[in-house]
Structures are given as structure tokens and as C-alpha cells.
1. Can you name the residue in segment 222-234 that is buried (at least 23 other Cβ atoms within 10 Å of the Cβ) and within 23 Å of GLY174 (Cα to Cα) and is also nearest to the ligand (Cβ to nearest atom) among such residues?
2. Looking at ALA219, ALA253 in this structure, which one is within 17 Å of the chain's Cα centre (by Cα), over 30 Å from GLY174 (Cα atoms) and assigned by TED's automatic domain parsing to the domain that holds GLU186?
3. Hey, could you check segment 178-206 for residues that are touching a residue at least 40 places away in the same chain (Cβ under 8 Å) and within 17 Å of VAL271 (Cα to Cα) and say which is nearest to the ligand (Cβ to nearest atom)?
4. Among the helices (runs of 4 or more DSSP H) contained in segment 237-351, which hold 3 or more residues that are out of contact with any strand residue (DSSP E or B) (no Cβ under 8 Å at 6 or more places or on another chain), open to solvent by 20 Å² or more (accessible area, probe 1.4 Å) and more than 30 Å from GLN77 (Cα to Cα)?
5. Go through the residues of segment 226-240 one by one and say whether even a single one is under 19 Å from CYS154 (Cβ atoms) and among the basic types (Lys, Arg).
6. Kindly establish whether VAL103 is among the β-branched types (Val, Ile, Thr) and in contact (Cβ under 8 Å) with a residue 60 or more places away in the chain.
Amino acid sequence: MADSPVRMRPEIAALPAYKQGRQAVADGYKLSSNENPFTPLVEIVEAVARAEVNRYPDATGPALRAKLGDRFGVTAQEVHLGAGSVALLSQFLLAVCEPGSEVVYAWRSFEAYPGLVTVAGGTSVQVPLGPGATHDLDAMAAAITDRTRAVIVCTPNNPTGPVVTAAGFERFMGRVPADVLVLLDEAYFEFVRDPGAVDGSTLIGRWPNLVLLRTFSKAWGLAGLRLGYAVGPEHILDAARAVAIPLSVTGQAQLAGLVALDHEDLLFARVEDIVGARTRLVAGLRDLGFAVPDAQGNFAWLELGDRTAAADDVFHEHGVVVRAFPGSGLRISVGEHESVDRVLEAAALLR
Ligand SMILES: Cc1ncc(COP(=O)(O)O)c(C=O)c1O
């Protein structure tokens, strides 16, 4: 890009391109993207096949929004669909940011946040995680200024794993001015087993500036179809709808989402299985002497600092693809049960 005569926004030209995790290795396990290891239900595959791909989808997905609205006790207008919750994050940030706007979020957190804020024209205010790799909500509240337009709270936090508690979130909301948008990113909500965790669905209507973001990518196993949703006040969702790229939520995704909701029991049995594998993975890593933070998503975090790149290579040599954040740590997704054994074998070599 450096030699191009084309003039670009300087902050965009300086942005590193999105780097996806390493792809799968032969006879190995891809544990780098927090994906669901189960193959889709036959009913979902059939639903995808039914979609008319020669036609545009119904742009707003009314049937799915109505169904989600019923589950959350809100109207269909208080639900907005996106091509993944990352698309929704982008839309809300575009809707609220102007040059000079600040967006507060914890760091380290979801690696897409910094780029999305920059693209929206805002400035990131990253608040270091507190003890146990948890959100430091007091410091985040203190970081809010007149320039703050949005705060993103990620629970459980990707990539470290702990949740924000219900009590902590409530206190935090009491300190956020009503004109600052709060995005509660609950991409991994269905894996949470901590009874003290915040549950955005119980908070709908409590604050006029709160929007929940959830996704079909993780627990529901539809990452490849790109489907996420926001629940919140209609006028805030309308602003996101206004900046959304039209027709980006496909008919396949909408049909698959509807069928997935009808098969919640089967899919949640799989989630329970993943939670069981997570318990085994975390216990095994702790037995090896690693200080693994509380893991409430479908992943576990190893803080390895300077040893991260070398550890990444060891896992790779053992057929395990993990997500390395050089100089910081490794995130290991919870995959097939057999993958847990392979991870623990490789991890033992790091001690
Ligand atoms: C915290 C968090 N939020 C949002 C997303 C986006 O998920 P999707 O766009 O697939 O819904 C992810 C994906 O990894 C994530 O980890």
C-alpha cells in the first residue's frame, strides 16, 4: 500500500489487515477461532438447501426477528439481524462515532474491536483488564469522558474467559451517562455456567442506552452462515439499520436460524458437551501448572508473554492450531473431546 498513488484515509492505510487464525492442519484440530466442533443438524442443512439463491433475501428477516422477539419478550422492531454480530458492532459504532469520538473497552478483548472503532472514525480507549483477566469496570467507568460515544463490554471476555458479574454490571451502568451507548457483547453467553454472571436478557428495558449483541456462530454452530442479532431500544437499532449494508443477512442464514431455534434442546445438549470438555481442558492445564483464568466461553487462555510464539509452534507441531497473540498469550478453543487430550499432551511439553 505504501507505494500506491491512491489517497486513503491515513488511519485506514495504517491499519493491519484482519488476520484470521491459522487454518486446519491435516489430522489435527483447528482450535483457533472458537468454532463449534459439531457438524450441523440435518434439519439445518435441509433448511439451507431450501433457500432460493436466485432471489434476494427478505432484507429484514421478519420471521426470525419475531421469533427472537418472543424469546426476549420484545417486539420484532427491538431485534435487528446482522451478518454476524461483528457486522452489528460495526453498524453501531458507525452510527455513534464522529471524528474525535471515543469508544471505551477492556483490553485485551475481542481482536476486532480496535479496527472496527478506527473504521468508524473513532478513537479506542483501551482499559487494561484487572486481576484474573476480568473487566475492570470501575476503571472503564472512570475512562468515560464527554467524548465517549460507546462502551463495549465483552462477557465472557474473548480471549481471556471470565464473565462480568450481574452486580458489577448493574453498578457500572449506574455510572454510564444515558447518552453513551453500551454494547453488551454476549457472543459466548450460552456457554456460561457462573450463576453470578450478567445475563443481558434480564436487563432489557432497564436502561435506554443498552443494546445486547448475540450470535448464532458459537453455541448454535452457524459461524459459516454469518448470523447475529441485537436486542435493544428501537430508535438505537434504527440507527444501525440505517448504516447497514442492505441485504447482507442471507436467506440461508435466516432459515437456518429459525430451524436452530426450533432445535434448541439438541443444540444445547451439544453446548453441555462442550462445557464438559472445557472443564476437562481447564483442569488439565491447571494440573500442569498453568494459571488459567476462569473459562466461561468455549475457549481457555494461557498467558505466556514472551513464550507465546514458541508455545504456538509446539502446539502446531502437535497438530493443534491455536490462536496466538504474540507477546501476550494463547487462546485455545474447546473442540472435540479428543482434541483436549492432544492439547494437554502438547501443553505438557511447555512445562
Ligand atoms: C466477543 C466476540 N464478539 C463478536 C464476535 C463475532 O462473531 P460473529 O460475527 O461470528 O457473530 C466474536 C467472534 O469471535 C467474538 O469473539
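1. ALA230
2. The match here is ALA219.
3. Result: ALA187.
4. 264-287, 308-317, 337-348
5. No, the conditions are met nowhere in segment 226-240.
6. No: the conditions fail for VAL103.
This table checks each residue for (1) touching a Lys or Arg at 6+ places or on another chain (Cβ under 8 Å); (2) at negative phi; (3) not aromatic (Phe, Trp, Tyr).
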{"position": "TYR29", "(1), (2), (3)": "yes, yes, no"}
{"position": "GLU43", "(1), (2), (3)": "no, yes, yes"}
{"position": "ARG50", "(1), (2), (3)": "no, yes, yes"}
{"position": "ASP58", "(1), (2), (3)": "no, yes, yes"}
{"position": "GLY69", "(1), (2), (3)": "no, yes, yes"}
{"position": "VAL74", "(1), (2), (3)": "no, yes, yes"}
{"position": "HIS80", "(1), (2), (3)": "yes, yes, yes"}
{"position": "SER85", "(1), (2), (3)": "yes, yes, yes"}
{"position": "SER90", "(1), (2), (3)": "no, yes, yes"}
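The values are calculated or read from the model by the stated rules, or taken from the named source; none is laboratory data. The model shown is predicted, which means the values in this text are computed figures rather than measured ones. We place every Cβ from the backbone using ideal geometry, glycine too, and count neighbours over all the protein chains shown. These accessible areas exclude ligands, DNA and RNA; they are computed on the full protein's heavy atoms, side chains included. Shrake-Rupley method; radii C 1.70, N 1.55, O 1.52, S 1.80 Å.
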